[in-house]
């Protein structure tokens, strides 16, 4: 091997380490984005299921409108951590006209989902509906 080839090969030392650090940084960022996306979807699904459960409870013919709020809060507390459940606000169930003389019960849940890294937090508002049973 000539002297010139050895010198050129010596100039590339350490390049693999720099490439590794650059790719590792991008992979870490991608991992955090996927993790955050999964967290937001999980919280949204729990909130939607809880709102629907509260609306279905109040839609029963023998139930007084308003009990669904406690059912919704209990479902949220069971599905999320205490900190995340504490950041949710459940509105009182309301009756909504859907036409043909029928009414539906609507339960609205507002929540803030904290984000990892430097992203701002996301505000979610979900609604659950159920047709009110007649007497």
Can you name the condition, by its number, that residue 89 falls short on among (1) touching a residue at least 12 places away in the same chain (Cβ under 8 Å); (2) closer than 18 Å to residue 113 by Cα; (3) not in a strand (DSSP E or B)? (3)
Would you be able to say whether some residue in the stretch 95-115 is within 30 Å of residue 25 (Cα to Cα) and part of a loop (DSSP other than H, G, I, E, B)? yes
Note on the stretch 11-31: residues farther than 30 Å from residue 115 by Cα and assigned to a helix (DSSP H, G or I) are 15, 16, 17
When the residues of the stretch 92-121 are narrowed to those that are closer than 27 Å to residue 36 by Cβ and touching a strand residue (DSSP E or B) at 6+ places or on another chain (Cβ under 6 Å), which ends up surrounded by the most Cβ atoms within 10 Å (Cβ to Cβ)? 107
Quick check: is even one residue across the stretch 61-74 within 20 Å of residue 114 (Cβ to Cβ), buried (at least 18 other Cβ atoms within 10 Å of the Cβ) and touching a helix residue (DSSP H, G or I) at 6+ places or on another chain (Cβ under 7 Å)? no
Of all residues making up the stretch 29-48, the number that are under 15 Å from residue 111 (Cβ atoms), surrounded by 12 or more Cβ atoms within 10 Å (Cβ to Cβ) and free of Cβ contacts under 8 Å to residues at least 60 places away in the same chain: 3
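Quick note: the coordinates plus some simple rules give every number you see, no bench work behind them. Computed from a predicted model, the values in this text were never measured in an experiment. Counting neighbours? That spans all protein chains shown, and the Cβs are built from the backbone with ideal geometry, glycine included.
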